[in-house]
Amino acid sequence: MADTRVTHPPPDGDPLWQQDFPISRYEELNNSRRQFLKFLGLTSLAFFTGTLATALKAVFESRRTTTLQPMRIAAVADVPEGSSLNFHYPDESYPAVLIHLPGNQYVAYESRCTHLLCPVLYQHDKARIFCPCHEGVFDPASGKNLAGPPPRPLNGIKVEVRDDAVYAVGRAE
Ligand code: FES
């Protein structure tokens, strides 16, 4: 009867697995290095593509901003002094608020807080724009962040009065 037991290492010197997969240590290291470089290359390409897409989106957005069409928000009579009116500009994705300040002055801002995008409210009696989420406070005349966590002013919208109506005519710089 033949002896079927496997001896380690087999009699010719190489372990059994190395006889089945005859790859030398040098080739194995070389292969790992190649795979690592390939991984690095693909990762860099992915980052580059992401950065390029972000840059192109920013350029597209800025072009869109400069070509905004004027949009009628409301009749002057519908926004008495000291009141505010919610609207969207330039499209439904951008909630905004129009404010009729004392002194017959109209201002408008995106109504998303610059902290964590909660909707802000104009409070005429307190002469402020308030974010109830974390008590952020903005100046209604300039949109400047005055108190709380908001890191920057509200995004402004240019408004004009034409033919007894208030129009949004672009984003403020
Ligand atoms: S989201 Fe407005 S203060 Fe935090």
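Just so you know, all these numbers are worked out from the coordinates, no wet-lab data involved. As the structure is a prediction and not an experimental result, all values here were calculated from the model. Note that we place each Cβ from the backbone using ideal geometry, even for glycine, and neighbour counts take in every protein chain shown.
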### Query
Looking at ALA127, is it exposed (fewer than 15 other Cβ atoms within 10 Å of the Cβ) and hydrophobic (A, V, I, L, M, F, W, C)?
yes
### Query
In segment 132-173, which residue that is of a type in the set (D, E, K, R) and within 16 Å of the ligand (Cβ to nearest atom) is nearest to ASN86 (Cα to Cα)?
ASP139
### Task
Determine which single condition ASP125 fails, assuming it passes every other condition in (1) within 16 Å of the ligand (Cβ to nearest atom); (2) in a helix (DSSP H, G or I).
(1)
### Message
Exactly one of these conditions fails for SER93: (1) small (Gly, Ala, Ser); (2) within 16 Å of the ligand (Cβ to nearest atom); (3) without any contact (Cβ under 8 Å) to a residue 12 or more places away in the chain. Give me its number.
### Response
(2)
